[in-house]
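**Q** One structure follows; several queries about it will come next.
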Amino acid sequence: MSLVDAVTAAGKLPAEEAPRAEKKRYSEILSKHLAIEVADGLRRVGFSGIKPVRGGPGEKAFQGGLGPKKVDVTYSDERHGLLMAVSIKSINSPPFGKNLKNRFADLCTEAITLHMRFPYSVVSALFAYPAAADHDVTEGRKVSTFRRAKKLFATISGREDHTDPSEKFENVTMLLYQPVSENAPEPWVKLFDTQSERELTEKEYFRMLQEIYNKRNPHATVGGEEGVDPL
């Protein structure tokens, strides 16, 4: 299974004129399926107890510094609490830049909430946009919303030490996807690290998160050559 399977499972992207409730429902379904695929990918590189599990409960709630917070993908234990989290967000309907600042603020608050309670935890974000968000340039806007978002989210990515600002994430990766459509080719996904702007394969993405986690937890690393299913 892969991230493109999540896009396929989410079904057709609602039309621009579709009711707001229908668009909201699509975003929820996409996030749910992306969480399952992200958890599966991380499980393959050594995060054996990560949630959610395919066919099991979804997001899990943790008591953060500013109150309880539900997290899409979580790796935790009874001794340390939250060790790793991946927050999944998306904007799927035009105008793609309308709610970007609100999503940015939501993510900052989420990072603060989790890092206040678990300063050593590796908190990452995966932000998804449909392919159309990379083609919404106009005479007055020379840069697409997707590319503007990459630069914006790069400002809160790269938290390298547990003493770094809590509003930053250890990593923020952007996901660009071709949704299911009668008039488009097969669905696809592309991943971009916001700091380096480098395009990543899925294997590189999950290995990157594994490396970030292992650097933070040198005495309790995950993965390695033995006991891990190949990607």
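The values are calculated or read from the model by the stated rules, or taken from the named source; none is laboratory data. Worth saying up front: this structure is predicted, and the values here are computed from it rather than measured. Positions of Cβ are backbone-derived with ideal geometry, glycine not excepted, and every protein chain shown enters the neighbour counts.
**Q** Considering only the range 111-134, I want to know if a residue exists there that is surrounded by fewer than 18 Cβ atoms within 10 Å (Cβ to Cβ), touching a residue at least 60 places away in the same chain (Cβ under 8 Å) and not in a helix (DSSP H, G or I).
**A** Yes, the range 111-134 has at least one match.
**Q** How about the range 19-42: which of its residues are touching a residue at least 40 places away in the same chain (Cβ under 8 Å), under 20 Å from TYR129 (Cβ atoms) and of a type in the set (A, V, I, L, M, F, W, C)?
**A** LEU30, LEU34, ALA35, VAL38
**Q** Tell me, which residue of the range 190-207 that is in contact with a Ser or Thr (Cβ under 8 Å, 6 or more places away or on another chain) and in contact (Cβ under 8 Å) with a residue 60 or more places away in the chain is farthest from ALA131 (Cα to Cα)?
**A** Restricting to residues being in contact with a Ser or Thr (Cβ under 8 Å, 6 or more places away or on another chain) and in contact (Cβ under 8 Å) with a residue 60 or more places away in the chain, the top hit is TYR205.
**Q** Would you mind stating whether PHE153 is under 19 Å from the mean Cα position of the chain (by Cα), more than 25 Å from ILE112 (Cβ to Cβ), of a type outside the set (Ser, Thr, Tyr) and part of a helix (DSSP H, G or I)?
**A** no
**Q** Restricting attention to the range 129-169, report how many residues are among the aliphatic types (A, V, I, L, M) and farther than 19 Å from SER196 by Cβ.
**A** Counting residues in the range 129-169 that are among the aliphatic types (A, V, I, L, M) and farther than 19 Å from SER196 by Cβ gives 4.
**Q** Something else: Mind listing just one residue for me: the one in the range 156-177 that is in a loop (DSSP other than H, G, I, E, B) and β-branched (Val, Ile, Thr) and, of those, surrounded by the most Cβ atoms within 10 Å (Cβ to Cβ)?
**A** By that ranking, first place goes to ILE156.
**Q** Now a separate question. Which pairs do you get when a residue that is part of a loop (DSSP other than H, G, I, E, B), found in the range 64-92, comes within reach of a residue that is at pLDDT 85 or above and of a type in the set (Phe, Trp, Tyr), reach meaning Cβ atoms under 7 angstrom, with the pair 6+ apart or on two chains?
**A** From the range 64-92, the pairs are ILE91/TYR129; ASN92/TYR26.
**Q** Out of (1) of a type in the set (A, V, I, L, M); (2) at pLDDT below 95; (3) part of a helix (DSSP H, G or I), what's the single condition that is false for VAL137?
**A** (3)
**Q** Condition (residue is outside any loop (DSSP other than H, G, I, E, B), among the acidic types (Asp, Glu) and surrounded by 13 or more Cβ atoms within 10 Å (Cβ to Cβ)) applied to the range 178-196: is it met by at least one residue?
**A** Within the range 178-196, one or more residues are outside any loop (DSSP other than H, G, I, E, B), among the acidic types (Asp, Glu) and surrounded by 13 or more Cβ atoms within 10 Å (Cβ to Cβ).
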